[in-house]
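What follows is one structure encoded as structure tokens, with my remarks underneath.
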Number of protein chains: 2
Amino acid sequence: MSPAHAEIHRTVRDRLDQNDQRYTTGRRAVVDALAETDGPITLPELIDLAPALAQSSAYRNLAVLEEVGVVRRLVHSSDHARYELAEHLTEHHHHLICEQCGSVRDVTLTPELERRLDAAFATVSSAEGFTPTHHTIDLYGRCADCRP
Amino acid sequence: MSPAHAEIHRTVRDRLDQNDQRYTTGRRAVVDALAETDGPITLPELIDLAPALAQSSAYRNLAVLEEVGVVRRLVHSSDHARYELAEHLTEHHHHLICEQCGSVRDVTLTPELERRLDAAFATVSSAEGFTPTHHTIDLYGRCADCRP
DNA sequence: TTGCTTGCAAATGATTTGCACTGCT
DNA sequence: AGCAGTGCAAATCATTTGCAAGCAA
């Protein structure tokens, strides 16, 4: 477990404490699994990484962790949702989504481009009376493994 | 929606013909409903706009229209999916998603920014061996109606 | 103890599907 | 006529929830 892992656990514990929630073995296992991967994972994938967890407990723990703001739930297709650590525990990133195999990997853009995007988003939003809080960018295509 | 309704219907009919599918009253009603709105709609919303459609037929027609490439299905949250006309029938756009009421509205960015984005996407993708085909950008926040 | 957490099994709800009927072509 | 499309009701499947038992503060 990397030092980054240790800090993640500390932050998660703090957030749970602040919300009168316990940091149980099961919740720790969920966080460990999410910290290990280089992209958001589905519930079956999570259970493969943490086989001690019952399915219902995995779902319940993810819901609690999402509520206290350390997990984000993503829905790209209609089968399984995907879960990842919140960006304040990782870093702002986007997703490469393979249309062939369904895998999802994280990518980051340059800070300069993100800055430009935020400016553009502020512009188009205010024209609509919309107040943006955050954004997601998904790139769909073919991943390296599925390349023809 | 840039092409007029008539042109949309012509294109849809062509696509269906090419795939040995008929352009029935129900399918036309689906396309009309999707062409009327300024953002992707859910199935209940679609049925409100086209009350003659049975729920199962709406789902089946949307599936057919998606298969022939004139409808796109979006999933932002875990309740109802949303459907919109494919971009070749409208224009390239993104979404403003209200976290309060769940409404979704279309927005466009400047062509210049889209060009810059495509360039950046090509760069980060090739570094991962990924071949991008298209992208989506979603802005989450508070819509005008839900503003505090 | 006291009550949150867990695991199992049953419930929920959006979407899909079987089947008989309708209506294009 | 013949087969694709439709409506209804039943089936599916990810996710949620009720309940009894386990575990942490």
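The values are calculated or read from the model by the stated rules, or taken from the named source; none is laboratory data. If you're wondering where the values come from, they're calculated on a predicted model, not measured in any experiment. For neighbour counting, all protein chains shown are included, and Cβ atoms are generated from backbone atoms with ideal geometry for every residue, glycine included. Please note that ligands, DNA and RNA were not included when accessible areas were found on the heavy atoms of the full protein model with its side chains. Shrake-Rupley method; radii C 1.70, N 1.55, O 1.52, S 1.80 Å.
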Going through (1) within 14 Å of DNA strand C (Cβ to nearest atom); (2) surrounded by 14 or more Cβ atoms within 10 Å (Cβ to Cβ) one by one, B:Ser56 fails only at (2)
For the stretch B:91-111, indicate whether the set of residues that are more than 19 Å from the chain's Cα centre (by Cα) and free of Cβ contacts under 8 Å to residues at least 40 places away in the same chain is non-empty.
yes
Filtered residues of the stretch A:72-100 (kept if among the aliphatic types (A, V, I, L, M), over 14 Å from A:Leu34 (Cβ atoms) and out of contact with any Asp or Glu (no Cβ under 8 Å at 6 or more places or on another chain)):
A:Val75
Considering only the stretch B:66-75, state which residues are surrounded by 15 or more Cβ atoms within 10 Å (Cβ to Cβ) and within 14 Å of DNA strand D (Cβ to nearest atom).
B:Val68, B:Val70, B:Val71, B:Val75
Pair list, Cβ under 6 Å, 6 or more apart: the stretch A:9-37 residue under 17 Å from A:Arg72 (Cα atoms), other residue open to solvent by 40 Å² or more (accessible area, probe 1.4 Å)
A:Ala33/A:Leu49
Filter the stretch A:81-110 down to the residues that are more than 11 Å from chain B (Cβ to nearest Cβ) and within 16 Å of DNA strand C (Cβ to nearest atom) and list them by number.
A:Tyr83, A:Gly102
Determine whether A:Arg72 is basic (Lys, Arg) and at pLDDT below 95.
no
Just to be sure, is B:Tyr23 outside any helix (DSSP H, G or I), more than 29 Å from B:Asp145 (Cβ to Cβ) and within 10 Å of DNA strand C (Cβ to nearest atom)?
yes
For the stretch B:51-65, does any single residue satisfy the condition of being on the phi < 0 side of the Ramachandran plot, more than 12 Å from DNA strand D (Cβ to nearest atom) and outside the structural domain of B:Leu117 (by TED's automatic domain parsing)?
no
Per-region count, the stretch B:10-27, residues under 16 Å from the mean Cα position of the chain (by Cα) and surrounded by fewer than 19 Cβ atoms within 10 Å (Cβ to Cβ)
1
Considering only residues that are more than 21 Å from the chain's Cα centre (by Cα) and of a type in the set (A, V, I, L, M, F, W, C), which ones fall in the stretch A:118-148?
A:Ala119, A:Ala120, A:Phe121, A:Ala122, A:Val124, A:Ala127, A:Phe130, A:Ala144, A:Cys146
Going by the structure shown, is B:Asp38 within 14 Å of the chain's Cα centre (by Cα), charged (D, E, K, R), away from DNA strand D (no atom under 16 Å from the Cβ) and assigned to a loop (DSSP other than H, G, I, E, B)?
yes
Tell me yes or no: at least one residue of the stretch A:102-115 is within 16 Å of DNA strand D (Cβ to nearest atom) and touching a helix residue (DSSP H, G or I) at 6+ places or on another chain (Cβ under 6 Å).
no
Within the stretch B:7-35, the residues that are of a type in the set (Gly, Ala, Ser) and within 12 Å of DNA strand D (Cβ to nearest atom) are B:Gly26, B:Ala29
Is it true that A:Arg72 is away from DNA strand C (no atom under 16 Å from the Cβ), within 7 Å of chain B (Cβ to nearest Cβ) and either touching a His at 6+ places or on another chain (Cβ under 7 Å) or of a type outside the set (A, V, I, L, M, F, W, C) (or both)?
no
Which of the following residues is open to solvent by less than 20 Å² (accessible area, probe 1.4 Å) and more than 7 Å from every other protein chain (Cβ to nearest Cβ): A:Leu113, A:Leu139, A:Leu117?
A:Leu117
